[in-house]
Amino acid sequence: MCQVSVFSRKSWVTNAALVKWEDTMSFIRARRVVAAAALAAMTFSMPTASIAEPVVDSIHFLIPGGAGGGWDGTARGTGEALTKSGLAGTASFENMSGGGGGKAIGYLIENAASQHGTLMVNSTPIVIRSLTGVFPHNFRDLTLVAGTIGDYAAIVVGKDSPINSMSDLLAAYKADKRGTAIGGGSVPGGMDHLVAAMVMEAAGEDATMVKYIPYDAGGKAMAALLSGEISALSTGFSEAIDLANAGEVKIIGVTADERVAAYKDAPTMKEQGIDTTFVNWRGFFGAPGLPEAQVATYQEALAKMYDTPEWEEVRARNGWVNIHNSGEDFHAFLEGQEKAIGDLMKKLGFL
Amino acid sequence: MLDGIWVGLSTAFSFSNLLMVIGGCLIGTFIGMLPGLGPMSIIAIMIPVAISIGDPSAALILLAGVYYGAIFGGSTSSILINAPGVASTVATSFDGYPLARQGKAGKALTVAAIASFAGGSIGAILLMIFAPALASVALLFHSAEYFALMVVGLSAIAAFAGSGQVGKALLMTLVGLMMATVGEGALFNQPRFTMGILDLQSGFGFITLAMAMFALPEALFLVLDPSRSNSGGSSGDIKDLRITKAEAKKIAPVIGRQSIQGFLIGVLPGAGATIASFLGYAVERNIAPKEEQAEFGKGSVKGLAAPESANNAACTGSFVPLLTLGIPGSGTTAILLGALIALNVSPGPRLMIDQPEIFWSVIISMYVGNVILLILNLPLIPYIAKVLAVPRNYLIPFILFFTLMGAYIGQNNATELLMLVGFGVCATLLRFANYPLAPLLIGFILGSMLEDNFSRSMQLYDGIGFIMERPMTMGLLALAVILVVLPTIRARRVRKQELEAAESD
């Protein structure tokens, strides 16, 4: 048992390490991300020496994708912090891939009565994919627990590019609309595209005219940026920081309200006169009809988690940003995001 | 650079790092032999171990060892039971399995081992000398060129389009290309052709299809036709490792060419080992002399050596964009990159300057690793090959077990098993009607990359103008045409010469 627990804790690191690269990749076909493999078949529990009084005895995390994706890393990271800090007695994990995440949502709804001990991890795509109808359900069909972390989006250019700011990019775009393509790691109508469109729209351009080129993985989009195939890349901020630290790219705009401590050199869109913000959140959901007392317990455990050194270690290792939205706030946030994304998608012709 | 190599040598040859190489290679080869567990999953399993080591050089040496060890071992299941566990060893089974069926399993495994060794070692040497310079080559290809490269790869189907088979081979390729369109693509925000079935939303699984097309029909044929299992020759032959001098002469230039070609294709972030193996197979098949060409697909040593050297060299090549640009070209290198970042190493142009010991020790350990793999594998071949001498009533359940496990383990989804059996039955029926199944799989594997790159280029150039505007695209497409047409032209010339000779008599 002891050995299993050690392996399970470490196996999480695998996935956490991948988070950066697969951050925006929930859209990618499963067969490309097959990292899943063996780990997907394994579900371990993690007993630990309790330090604090446990708030919950056990949590079962349902992960709608294979091992190694962003969802997987979030669930396992949260589980690690909760159990190591003693806020939860044990945590177990279950990977249920299929339907790009839709299968797990359906499973949680159909088996709601027996799933009171389960928390499902999800992120911005649940909003986008419910809008496009890829998922038959949406977030209202589940019990909202809390949004826990997030990642801003960023527009980057190659290190040798003549473009140094959003205004340079806009000038280049105005000069040659068909020749200035923006790439990203999501499908058209997916997150990276929506961010690019949102930014261009806020800058006063017609978002439908923007040439968006989709790539099936962050690495390929990056290669395309450096080879000059595309002029700019829309990507997750934490991924952009890694590339900027490696000396590959310049971050010309981040969709945060103010400069982010992790990389102060990156200017926000707002300070460049482009009034737009965007957060790719990740958070947890319970089965529909989850008793209120239990919801409150989960929310309490997650809220207390932020103050623990164990969480700080996990968060720092993954470059996540703490963005805590609990209960009603979470609901309001999701409705706001659904409206903003829905309006944009309608305008772009995806709805 | 010499300083760097020196630092690398001293790091790579430290006792603990040598243990890492040996350990990584051993784990990689043995797990890699199981169908369904490709390099990606093995590395994913090993990463926690590597990270707990703490030293980035040792961790990367271990993971790299696992990576090429898995590619090395991956050919085994392709050759022995026609069950390619990863896309890059599909081409290996084209000639490897027929050789094993002819009772030359030992020889086939030896050729594969030597070709892998040569590919890996030549790749490591090229990596050592040219890595910094090749960083720019990695960025030479745009989507248009990747599209053209996939077209060249498709010309590998010519090997299955023998006389009277052209129509059938083309038809099967088309079916494969069509199957690749099922599910969510990179370019459309709606899933296609899923008929509302959630399990199809991410498309057909590669392993499911590979097992259904190759391994399952073979197992079913063994059941249907008991005499087939005995055609494997006496166990003495199976174990025979020896390669004749004539064969060695035949494969030497193939291995040389394909090691270099494979390496270069591996360097491209959008290509990788699978494309390298198909291209290697296509090129070698189509430039071979007429009489040898007929052997391709029926147990040619050349046809086995080409993809094996190419895919190993390509694996080594894929470290160029990873280490010099920080760009992962494949899923496997993306996982490696994740591990590096977790160890606080950021690969990129500065890696070679800031942390030369990591850069060079990894490259040098690759060379060491290949030598170790060869030493480990050669003595084991007789025992591994003996699997085929197992009586059929034990062998068939064994094959079926590994086939089913391979399909299930990747997705953890029982529907895959139903699909596997369904496609397996269809594939068996097609085999009865003498339809070649390899083109279907080639079409399926190349299909999505072909489509993605084509439509990206269409979008970038607002039409198909990119073919004219980009000389390299044009060149590659011309090469594809030449590769397909060349054998026909040569055959016609030979016939003409014979005719003239006959007239002059």
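No value in this document is a laboratory result; all are computed from the given coordinates. It should be emphasised that the depicted structure is a prediction, and the values quoted were computed from it without experimental measurement. Quick reminder, even Gly has a Cβ in these numbers, built from the backbone with ideal geometry, and neighbours come from all protein chains shown.
Points to keep in mind about this one:
- Number of Lys-Lys pairs in the range A:202-351 with C-alpha atoms under 30 Å apart and a separation of 8 or more places or on different chains: 20.
- Counting only DSSP H runs of at least 4 residues, each contributing -39500 (n - 2.57), and dividing by the residue count of chain B, the helix-based mean residue ellipticity at 222 nm comes to -24000 deg cm²/dmol.
- With Cα atoms defining each centre, the range B:462-505 and the range B:9-24 are spaced 49 Å apart in the structure.
- For the range A:152-278, the dipole from Cβ point charges (+1 on Lys and Arg, -1 on Asp and Glu) about the Cα centre works out to 200 debye, to the nearest 20.
- The coefficient of translational diffusion for the range B:12-143, derived via Stokes-Einstein from the alpha carbon Kirkwood radius under 20 °C and 1.002 mPa s, stands at 134 µm²/s.
- Mean-position separation - Cα centroids, the range A:100-117 and the range B:88-106, in angstrom: 45 Å
- Nearest-20 debye value, the range A:224-351 charge dipole, Cβ charges on Lys, Arg, Asp, Glu: 320 debye
- The protection proxy used here, the mean number of other Cβ atoms lying within 10 Å of each residue, ranks peptides A:151-157, B:379-385, A:318-324, B:110-116 as follows, highest first: A:151-157, B:110-116, A:318-324, B:379-385.
- Cα gyration tensor, the range B:388-505 - rounded (a/c under 1.5), prolate or oblate: oblate
- Segments B:262-271, B:135-144, B:211-220, A:131-140 sorted - mean Cβ within 10 Å per residue, highest first: B:262-271, B:211-220, B:135-144, A:131-140
- Residues whose amide H falls under 5 Å from that of B:Gly326, counting only those 5 or more places apart or on a different chain, are B:Gly348, with hydrogens built in the peptide plane.
- Secondary structure note: in the protein assembly as shown, about 60% of the DSSP beta bridges are antiparallel.
- Peptide B:47-59 shows a mean partner chain C-beta count of 3 within 10 Å per residue C-beta.
- The fewest-to-most ranking of A:Lys346, B:Lys107 by surrounding Cβ atoms within 10 Å reads A:Lys346, B:Lys107.
- Kyte-Doolittle at least 0.5, axis length at least 18 Å by Cα - qualifying DSSP helices, chain B: B:15-32, B:39-53, B:56-81, B:105-137, B:166-179, B:273-287, B:356-385, B:392-411, B:415-432, B:438-461, B:471-504
- Average Cα contact separation per residue, the range B:2-504, under 8 Å, 6 or more apart, as relative contact order %: 28 percent
- Remark: mean inter-chain Cβ contacts per residue of B:323-330 equal 5, using a 10 Å Cβ-Cβ cutoff to other protein chain atoms.
- Tail fraction, Cα-Cα pairs, the protein assembly as shown, threshold 51 Å, whole percent: 14 percent
- Across the range B:2-504, the volume of the C-alpha convex hull divided among the residues equals 168 Å³ per residue.
- Dimensions in Å of the range B:39-116 - Rg and Dmax from alpha carbons: 15.0, 48
- For the range A:144-221, the convex hull drawn through the C-alpha positions has a volume of 135 cubic angstrom per residue.
- Seen from every direction in turn and averaged, the convex hull around the alpha carbons of the range B:124-221 projects onto 10.8 nm².
- When the Cα positions of B:Leu440, B:Gly96, B:Pro347 are compared along the charge dipole of the range B:2-504, B:Gly96 comes out farthest toward the positive end, with charges on each C-beta of Lys, Arg, Asp and Glu.
- Ordering B:Gly270, A:Thr148, A:Gly79 by Cα displacement along the dipole of the protein assembly as shown toward the positive end leaves B:Gly270 in first place; charges were set at the Cβ atoms of Lys, Arg (+1) and Asp, Glu (-1).
- For the range A:258-330 versus the range B:284-363, the gap between their alpha-carbon centres in whole angstrom: 39 Å
- Ordering of B:73-79, B:453-459 by packing is B:73-79, B:453-459, highest average first (other Cβ atoms within 10 Å, averaged per residue).
- Counting, for every residue in B:339-347, the Cβ atoms of other protein chains within 10 Å of its Cβ and taking the mean gives 4.
- Shown for B:Glu291, B:Glu284, A:Glu248, B:Glu498: other C-beta atoms within 10 Å of each C-beta, ranked fewest to most, produce the order B:Glu291, B:Glu498, A:Glu248, B:Glu284.
- Computing Rg and the Kirkwood Rh from the Cα coordinates of the range A:242-284 gives a ratio, Rg/Rh, of 1.02.
- Each Lys and Arg contributes +1 and each Asp and Glu -1, all at the Cβ; summed about the Cα centre of the protein assembly as shown, the dipole is approximately 2760 debye.
- Across the range B:17-101, Cα pairs under 8 Å and at least six residues apart give a relative contact order of 35 percent.
- When the charge dipole of the protein assembly as shown is built from unit charges on Cβ atoms (+1 for Lys and Arg, -1 for Asp and Glu) and taken about the Cα centre, the candidate among A:Ile251, B:Ala288, B:Gly24 whose Cα reaches farthest toward its positive end is B:Ala288.
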